[in-house]
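Step one of this worksheet: look at the structure below.
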Amino acid sequence: MQNSSTPLVERVPFLAGVTFLGGYLDAYTYLTRGGVFANNHTANMAKLGITAAQGDFAGAMACLVPILGCVLGAFASELVRVCFPGHHDWRKRALILELLALLLVGFIPAAVPDAVVNTTLSFVTGFQLCLFRSCRWGAHNTTICTGNLRAVGQFLFGAIHQRTRDTVSRLVFYACLVFSFVVGSAVGVPICGLLGGPASWIGCIVSALLVAAIYMDERGTREKEAA
């Protein structure tokens, strides 16, 4: 159940939109940009070590570049936070920058090496990873699911063990939040098949809706304070 005192950026509907976007971008890069996942840097790290040990330095570099893109995305997110302080404002500005990056990616032709797009989107997902890191029940990751699945298991135990309305509601809401990632990747399949590279523009629409939600929340807060 939602609590009116919970900040917008930690509420299930808003975070579901952000998590949906994370799944959608994975589908986008997998289907249109060489069969890789924008967010799967655990695999990239493992592959970096394997290829380096095998002496495949070209392969290692292909893994290292998107990893660095993710690191720089996280760096840029913190830079925006410091330059534009405020409860929601820095996240709003960061989402606008993400929107612009997704808009740009849609114009990159298929002839351009996939590594260029994948690194750009690794930057975007690293950026997003820092924007929204918690929900009302604790930590939440909008681009990587392993920790989220662990939390679902823990909430499942709590629901079975305590059998209270609160623990069951927490399980249901959080499971819906986590699996919005799956919905995002599933939705990406027909859209990427239809649009190809410009399918990244659907991510622009999602980002714009998230920015609008923050704007309306800020306006509502100001109106309450002025009343």
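The values are calculated or read from the model by the stated rules, or taken from the named source; none is laboratory data. Note that the structure is predicted; figures quoted are calculated from it, not measured. Cβ: placed from backbone, ideal geometry, glycine included. Neighbour counts: every protein chain shown. Each accessible area value is taken on the protein alone, full model and side chains, heavy atoms only, with ligands, DNA and RNA left out. Shrake-Rupley method; radii C 1.70, N 1.55, O 1.52, S 1.80 Å.
Summary table
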| read-out | value |
| --- | --- |
| From the options F14, F20, residue that is open to solvent by 30 Å² or more (accessible area, probe 1.4 Å), within 30 Å of T164 (Cβ to Cβ) and modelled with pLDDT of 90 or more | F20 |
| From V124, V82, residue being buried (at least 21 other Cβ atoms within 10 Å of the Cβ) and among the β-branched types (V, I, T) | V124 |
| Residues of the stretch 136-165 that turn out to be more than 15 Å from E10 (Cα to Cα) and part of a helix (DSSP H, G or I), as a count | 17 |
| Unmet criterion (only one of (1) modelled with pLDDT under 95; (2) more than 12 Å from Y28 (Cβ to Cβ)) for V183 | (1) |
| Failed condition for F107, given (1) modelled with pLDDT under 90; (2) in a loop (DSSP other than H, G, I, E, B) | (1) |
| Scope the stretch 43-88; condition aromatic (F, W, Y) and assigned to a helix (DSSP H, G or I); matching residues | F57, F75 |
| Pair list, Cβ under 8 Å, 6 or more apart: the stretch 172-199 residue at positive phi, other residue surrounded by fewer than 19 Cβ atoms within 10 Å (Cβ to Cβ) and modelled with pLDDT under 95 | G196/A110 |
| Checklist (1) open to solvent by less than 30 Å² (accessible area, probe 1.4 Å); (2) in contact (Cβ under 8 Å) with a residue 40 or more places away in the chain applied to G158, failing item | (2) |
| Answer residue from the stretch 200-227, given it is in contact (Cβ under 8 Å) with a residue 60 or more places away in the chain and open to solvent by 40 Å² or more (accessible area, probe 1.4 Å) and is nearest to L8 (Cα to Cα) among those | Y215 |
| Any hit, the stretch 11-28, residues being in a loop (DSSP other than H, G, I, E, B), in contact (Cβ under 8 Å) with a residue 40 or more places away in the chain and among the polar types (S, T, N, Q) | no |
| Matching entry among C130, C176 (being modelled with pLDDT under 85, assigned to a helix (DSSP H, G or I) and of a type in the set (A, V, I, L, M, F, W, C)) | C130 |
| Tally, over the stretch 139-169, of residues that are within 30 Å of F37 (Cα to Cα) and of a type in the set (A, V, I, L, M, F, W, C) | 8 |
| Every residue from the stretch 140-155 that is without any contact (Cβ under 8 Å) to a residue 24 or more places away in the chain and open to solvent by less than 70 Å² (accessible area, probe 1.4 Å) | N141, G147, G153, F155 |
